[in-house]
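The values are calculated or read from the model by the stated rules, or taken from the named source; none is laboratory data. Nothing here was measured: the structure is a model prediction, and the numbers come from that model. Positions of Cβ are backbone-derived with ideal geometry, glycine not excepted, and every protein chain shown enters the neighbour counts. SASA here: full protein model, heavy atoms, side chains in, ligands and nucleic acids out. Shrake-Rupley method; radii C 1.70, N 1.55, O 1.52, S 1.80 Å.
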Protein chains: 2
Amino acid sequence: MIAQTPPPPYYAVIFTSIRTEIDEGYLEMARLMEELASEQEGFLGLEGAREEIGISVSYWDSLESIRKWKANARHQLAQQKGIASWYSAYRTRICRVERDYAFEKPIDPDTPA
Amino acid sequence: MIAQTPPPPYYAVIFTSIRTEIDEGYLEMARLMEELASEQEGFLGLEGAREEIGISVSYWDSLESIRKWKANARHQLAQQKGIASWYSAYRTRICRVERDYAFEKPIDPDTPA
């Protein structure tokens, strides 16, 4: 799903990663972290996809919410396991979303796009 | 590949999309746009993956470079075709990257991570 974020400004964390061949516990942890992130104060949405690389983008109301999420104890544990086992490389980028625009095709197929 | 961007600040365009079932011309155009983007002034890198949704993130040195790329005539044509055929929905977010940090596993497997 495309995250239904509020009007800018808000914040995005772009997490780009390359996986190792170690799968043990990865999917469970990824799902747990999605769930846990979505319960945090200031969480606005999450988008993700993986092919050759994985990209997941989480959206937040403030840098303070991002800082708290990064420091969350269970998230810290996941980050340590990620470095030890699941990721061969990653890059995290903290961004301020300045502008956004959206397109959605009309549902009625007879309506001109 | 994870984009090897310079130290912040720089800019990111997060393009999140849902495809229609119309494939005609899509892959060719996607490849052409990747190539064309990489030739533009101020281009810093590109990352992409698609599963249920597609996320592609392009990185730029300035908002002006992003504006010029959006206005590029061949890119405009691709955007029009995207709306008419290839995408049922998308969202574009223009961001300023404030901070980033990276992890890369040592190449020697005997080196502790």
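Overview of results
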{"item": "Residue-averaged beta-carbon neighbours from other chains (10 angstrom radius) around A:83-95", "result": "6"}
{"item": "Hydrodynamic radius by Kirkwood, which averages 1/r over all alpha carbon pairs of the range A:1-105, in angstrom", "result": "14.5 Å"}
{"item": "Environment charge at B:G82 (Cβ cut-off 12 Å; Lys +1, Arg +1, Asp -1, Glu -1)", "result": "+3"}
{"item": "When the protein assembly as shown is reduced to its Cα atoms, the Kirkwood hydrodynamic radius in Å", "result": "18.5 Å"}
{"item": "Within a Gaussian network of chain A (alpha carbon springs, distance under 10 Å), most fluctuating of A:Y26, A:Y101, A:Y87", "result": "A:Y101"}
{"item": "Highest-fluctuation residue, B:F43, B:F103, B:F15 considered, GNM on chain B with Cα pairs under 10 Å", "result": "B:F103"}
{"item": "Gap separating the Cα centres of the range B:1-36 and the range B:49-73, nearest whole Å", "result": "6 Å"}
{"item": "Solvent-accessible ranking of B:K105, A:K70, largest area first, probe 1.4 Å", "result": "A:K70, B:K105"}
{"item": "Net lengthening on full extension, A:Y101/A:D23 (0.36 nm per residue, minus Cα-Cα)", "result": "24.4 nm"}
{"item": "Efficiency of FRET from Cβ geometry, B:Q4 and B:Q76, R₀ 30 Å, rounded to 0.05", "result": "0.55"}
{"item": "Vicinal HN-Hα couplings computed from phi for the range A:93-107 (Karplus, 6.51 cos²θ - 1.76 cosθ + 1.60; Hz; Gly/Pro x)", "result": "10, 9, 10, 9, 7, 8, 8, 8, 8, 10, 10, 9, 5, x, 5"}
{"item": "Fluctuation leader among B:A12, B:A102, B:A30 - chain B, Gaussian network, Cα springs under 10 angstrom", "result": "B:A102"}
{"item": "Percentage relative contact order, chain B, counting C-alpha pairs under 8 Å, at least six apart", "result": "43 percent"}
{"item": "Amide H partners (placed H, <5 Å) of B:S62, local residues excluded", "result": "B:Y11"}
{"item": "Residues whose placed amide H lies under 5 Å from that of B:R99, excluding near-sequence neighbours", "result": "A:I94"}
{"item": "With all protein chains modelled, accessible area of A:E41 [1.4 Å, Å²]", "result": "150 Å²"}
